[in-house]
Amino acid sequence: MSKTLSYAALNAKSALVPFVFDRRTLQATDVLIDILYCGVCHSDIHQVRNEWGNSQFPMVPGHEIVGRVKQVGSAVQAFKAGDVVGVGCMVDACRTCPDCLDNLEQFCNHPTFTYNSDDLKFGGRTQGGYSSQIVVEQHFVLRISEKLELAAAAPLLCAGITTYSPLRHWQVKAGDKVGIVGLGGLGHMGVKFAHAMGAEVVLFTTSAAKVNDAKRLGAHAVVISKDPAAMQAHLASFDFILNTVAAPHDLDAYTSLLKRDGVLCLVGVPDQPHPSPSVGNLIFKRRSIVGSLIGGIQETQEMLDFCAEHNIVSDIELIPIQQINTAYERVLKSDVQYRFVIDMASLNDADGG
Ligand code: NAP
Ligand code: ZN
Ligand code: ZN
């Protein structure tokens, strides 16, 4: 066991506070990682505030982790001390079910998520990346190119794979017309990836102030989604729309923009349901509404390698962990450019060091 500094939520109502807990002893197939940076995902806020109804406390959030390997177990060959690595939303799964065998561990019926999850192998609850170190089974450790700016690479571990995976699965290709809804942590990565894949990218936003940034990030056009005339101009024209919005809203506004056989993919997970979508909008052009959950470990590595090749990272605001509660308030106001990342070196300041 090793003492680990962190910030934790002690209940669903109060601010995150400094917290000390033990990480498990290194096993033969484990990697011990000193955490350098951890991104702040909107899912952290949903869970800290128990908006999905499954939260247990104390909870150390964080699943966009970049760090340096400190030590490896006796059976680990793929990693060595000093390597730069990442950890995303999962730290284990059953490894034997059809989903795991298809490299889609995110759909395993018995996954172990990085935090707020029962640790099915070692007991207790998992604790995430707002902490000084983490111990992870080697299969769930990702390699990160040192070519990338490491702080800005952290959000790739969730925001990156969550947007890359559906664009790949629904085979977005050069020339396709792709919509991205919401310019937050996920949305800005969706714009970058769809652009890198050669699509014609249209960003839908509720924030007029984000128009220039969206274009700088790779959008060919930007639509203020509250403007009905601007929405109408794109009727029945999209191959694929990726919707990252974290709040319930009218999906018909987007299904009506799909061409025949077009797909609206939901990745945002609001705490309340969306209003029921119009069936007419779907059947008359055989449109689909689908969902997607992060991505498997193999595809996450593929995405990280794609990012190294295309020099893609997140646009971030680097913060000390002492600012985490203010950062949450700003995310809730859609006021972040475009992902907060915690500099974990600041943890020592929190402890008076
Ligand atoms: P985020 O940074 O807060 O971005 C969400 C964006 O949605 C905002 O920046 C805003 O963009 C837009 N938005 C917010 N409220 C809105 C409203 N009421 N109506 C319309 N648009 C609104 O959040 P994130 O970290 O990207 O996460 C987005 C969602 O995805 C969360 O629900 C999160 O839990 C979920 N998520 C899912 C997965 C998965 O595997 N499926 C993985 C990670 C996260 P504009 O200002 O441009 O309008
Ligand atoms: Zn996330
Ligand atoms: Zn499984």
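The values are calculated or read from the model by the stated rules, or taken from the named source; none is laboratory data. Everything numeric here is computed off the predicted structure, so don't read it as measured data. So basically every Cβ, Gly included, is an ideal-geometry build from the backbone, and we count neighbours across all protein chains shown. Heads up: the accessible areas ignore ligands, DNA and RNA and are worked out on the full protein's heavy atoms, side chains in. Shrake-Rupley method; radii C 1.70, N 1.55, O 1.52, S 1.80 Å.
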- Item | Size of the chain as Cα extents on the principal axes (Å, biggest first) | 59, 40, 37
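Roughly how many Å² is the accessible area per residue of the chain, as a whole number, for a 1.4 Å probe?
42
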- Query: Taking Cα atoms, how many degrees apart are the long axis of helix 185-196 and the longest axis of the chain, rounded to 10 and kept between 0 and 90?
  - Reply: 70
- Message: Given a 1.4 angstrom probe, I'd like the percentage of the accessible area of the range 1-147 that is carbon and sulfur, rounded to a whole number.
- Response: 51
- Message: Using only the alpha-carbon atoms, how far is helix 159-169 inclined from the longest principal axis of the chain? Give it as 0 to 90 degrees, nearest 10.
- Response: 50
- Item | Cross-link pairs 147/210; 80/147; 173/259 - those with Cα-Cα distance over 20 Å | 147/210
- Item | Selected from 163, 25, 300 as most flexible by GNM, with the chain as the system and alpha-carbon contacts under 10 Å | 25
- Note on the structure: Within the set 219, 154, 196, GNM on the chain using Cα springs under 10 Å gives the largest fluctuation to 196
- Please work out the C-alpha center-to-center distance from the range 209-274 to the range 88-137 and express it in whole Å. 32
- Note on the structure: By the C-alpha gyration tensor axes a ≥ b ≥ c (rounded if a/c is under 1.5, else prolate when a/b exceeds b/c, else oblate), the shape of the range 100-171 is oblate
- Message: Suppose only helical runs count, i.e. DSSP H with n ≥ 4. What mean residue ellipticity at 222 nm does that imply for the chain under -39500 (n - 2.57) per run, divided by all residues and rounded to the nearest 500 deg cm²/dmol?
- Response: -6000 deg cm²/dmol
- Task: Could you tell me how many degrees, from 0 to 90 and to the nearest 10, lie between the Cα long axis of helix 297-310 and the main elongation axis, the longest principal axis, of the Cα atoms of the chain?
- Result: 70
- Message: So if the hydrodynamic radius of the range 240-296 is defined as the Kirkwood radius over C-alpha pairs, what does Stokes-Einstein give as its diffusion coefficient at 4 °C and 1.567 mPa s, in µm² per second?
- Response: 111
- Item | By average C-beta atoms within 10 angstrom, highest first, the peptides 92-98, 238-244 | 238-244, 92-98
- Note on the structure: Taking only protein heavy atoms and a 1.4 Å probe, the highest-to-lowest accessible-area order of 309, 51, 149 is 309, 149, 51
- Coordinate range along principal axes, alpha carbons of the range 160-291, Å, largest first: 36, 29, 29
- Once you charge only the Cβ atoms, +1 for Lys and Arg and -1 for Asp and Glu, what is the size of the charge dipole of the chain about its Cα centre, to the nearest 20 debye? 480
- Please name whichever of 205, 167, 181 sits farthest to the positive end of the charge dipole of the range 160-291, dipole taken about the Cα centre and charges placed at Cβ: Lys and Arg +1, Asp and Glu -1. 167
- Please state the charge dipole magnitude for the range 160-291, taken about the Cα centre, from unit charges on C-beta atoms (+1 on K and R, -1 on D and E), reported in debye and rounded to the nearest 20. 320
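Would you mind putting 136-144, 314-322 in packing order, based on average other-beta-carbon counts within 10 Å, highest first?
136-144, 314-322
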- Message: Which one, 184, 160, 82, has the greatest fluctuation when you compute a Gaussian network model over the chain with C-alpha springs under 10 angstrom?
- Response: 82
- Note on the structure: Given unit charges at Cβ for Lys, Arg (+) and Asp, Glu (-), the dipole magnitude of the range 158-214 about its Cα centre in debye, nearest 20, is 80
